[in-house]
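Undergrad: Handing you this structure, nothing more for now.
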Amino acid sequence: MNIEQESLLKAGVHFGDLTQRWNPKMEPYIFKKNGKLHLLEKQKIIDCFFHVKLQIEKMIEEKNMTVLFVGTTPHLAEIVKQAAINCQSPYLVRHWLGGFLTNFRTIQKPIKQLKSLLAFQQSEKIAALSKREQVELEKNINKLKKIYEGVLDLPKDDWFDYFQGEKRSNVLLFIIGLKKEKTAIKEAKKLDIPIMAICNTSADPDLVDYVIPGNDWKASSVEYLVNAVAEVIRESKLRRDTKLTAEESESSQETKKWISSKETNRV
């Protein structure tokens, strides 16, 4: 998946923030002023995305990295959610859960509660509840789903690996709305978790390991970029899984040959 000038222009990816809000650190990505707005350099957007694409492919195919989509700006939440679903990635779009990275075992409690309620709802036991109790159960489930539905299938106790006293995590944060997600950034930095983000002209790119210059407020721009990232993730997972299947098949064939040779020698 690559992005092209014509399509990113149509989506308005190159429209920056108001000039009065600009962050000088974004100057390398800015093309020029256009009235009250800055315009981002189109080729810079393409080059940065290509670099990010290569990194995502490497992280997923070689390290089996999980990309966590984070975008809690209300009018963009559904866009971010659908992109994450399309590439089977976890997401948080309602609000960032304080301690999600730094205290995940505590966060697991309501997640386990939601899973338990969902399982109960699908079981025969629900028939024993009154109509009123069933309505109350549905309300509780919906309340929890609004917050946790995007992270129900995350790894459990192995979410963090502890090695020689250092916390390491097999996750990459993809943030949409960098200035809004301060707590997420703080937690990621504390654990040395890499961050990828759409960076508007008012953002601080020093907070980000993998910069995608672009408008992070305009719905068409965000939709274009998150879908492009999702497609890279989806294709990378497909190549990873194909490789793993081939390796497992080869290993199985080698095992069969070894067993066959042993049986032949025994005879």
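Undergrad: Could you work out the per residue convex hull volume over the alpha carbons of the chain, in cubic angstrom?
TA: Measuring per residue, one finds 193 Å³ for the Cα hull of the chain.
Undergrad: Asn140 to Leu118: extension gain in nm, 0.36 nm per residue of separation minus the Cα-Cα distance?
TA: Gain in length upon complete extension: 6.9 nm.
Undergrad: Related question: Toward the positive end of the charge dipole of the range 167-235, about the Cα centre and with charges on Cβ (Lys, Arg +1; Asp, Glu -1), which of Leu207, Trp217, Ala184 goes farthest?
TA: Positive-end residue among those listed: Ala184.
Undergrad: Under 13 Å from the Cβ of Lys143, count the other residues' Cβ atoms, weight Lys and Arg +1, Asp and Glu -1, and hand me the total.
TA: +1
Undergrad: If R₀ is 45 angstrom, what is the calculated FRET efficiency for the pair Lys36 and Gln88, using the beta carbon separation as r and rounding to 0.05?
TA: The computed FRET efficiency comes out at 0.65.
Undergrad: How long are the semi-axes of the equivalent ellipsoid of the range 180-250, taking √(5λ) for every eigenvalue λ of the Cα gyration tensor, in whole Å from largest down?
TA: Computed over the range 180-250, the values are 30, 18, 8 Å.
Undergrad: Along each of the three principal axes of the Cα atoms of the range 63-139, give the extent in whole Å, ordering the values from largest to smallest.
TA: The Cα atoms of the range 63-139 stretch 45, 29, 24 Å along their principal axes.
Undergrad: Net charge within 14 Å of Leu117 by Cβ-Cβ distance, Lys/Arg positive one each and Asp/Glu negative one each, not counting Leu117 itself?
TA: +4
Undergrad: For the chain, build the charge dipole from Cβ charges (+1 Lys, Arg; -1 Asp, Glu) around the Cα centre, then report which of Thr72, Asn34, Ala246 sits farthest towards its positive end.
TA: The Cα lying farthest towards the positive end belongs to Thr72.
Undergrad: Okay, moving on. Considering only Ile107, Ile198, Ile176, give the residue with the highest GNM mean-square fluctuation for the chain, with springs between Cα atoms whenever their separation is below 10 Å.
TA: Ile107
Undergrad: If you plug each phi of the range 22-38 into the Karplus form 6.51 cos²θ - 1.76 cosθ + 1.60 with θ = phi - 60°, what whole-Hz ³J(HN,Hα) values come out, in order, with x for Gly and Pro?
TA: So the J values, rounded to whole Hz, are 5, 9, x, 5, 8, 3, x, 9, 8, 8, 5, 8, 9, x, 8, 10, 8.
Undergrad: Here's another thing I want to ask about it. In percent, how large is the relative contact order of the chain, given Cα pairs closer than 8 Å and 6 or more residues apart? Working shown, then result.
TA: Details: 379 pairs, mean separation 75.7, N = 267.
Reported relative contact order: 28 percent.
Undergrad: Please give the per residue volume of the convex hull enclosing the alpha carbon atoms of the range 1-121, rounded to a whole number of Å³.
TA: Cα-based convex hull of the range 1-121, divided per residue, equals 175 Å³.
Undergrad: I've got another one for you. Compute, for the chain, the length of the dipole vector about the Cα centre, with Cβ point charges of +1 (Lys, Arg) and -1 (Asp, Glu) only. Units Debye, rounded to 20.
TA: For the chain, the charge dipole is close to 800 debye.
Undergrad: Let me ask something else. Test of understanding: in a Gaussian network model of the chain with alpha carbons linked when under 10 Å, which of Glu181, Glu138, Glu57 would top the mean-square fluctuation ranking?
TA: Glu138
Undergrad: What spacing in nm lies between the two simple spin-label points modelled at Arg105 and Thr245, each 7 Å away from Cα in the Cβ direction?
TA: Modelled inter-label distance: 3.8 nm.
Where a number appears in this text, it was derived from the coordinates with a stated rule and is not lab data. Note that the structure is predicted; figures quoted are calculated from it, not measured. All Cβ positions, even for glycine, are placed from backbone atoms using ideal geometry, and neighbour counts span all protein chains on display.
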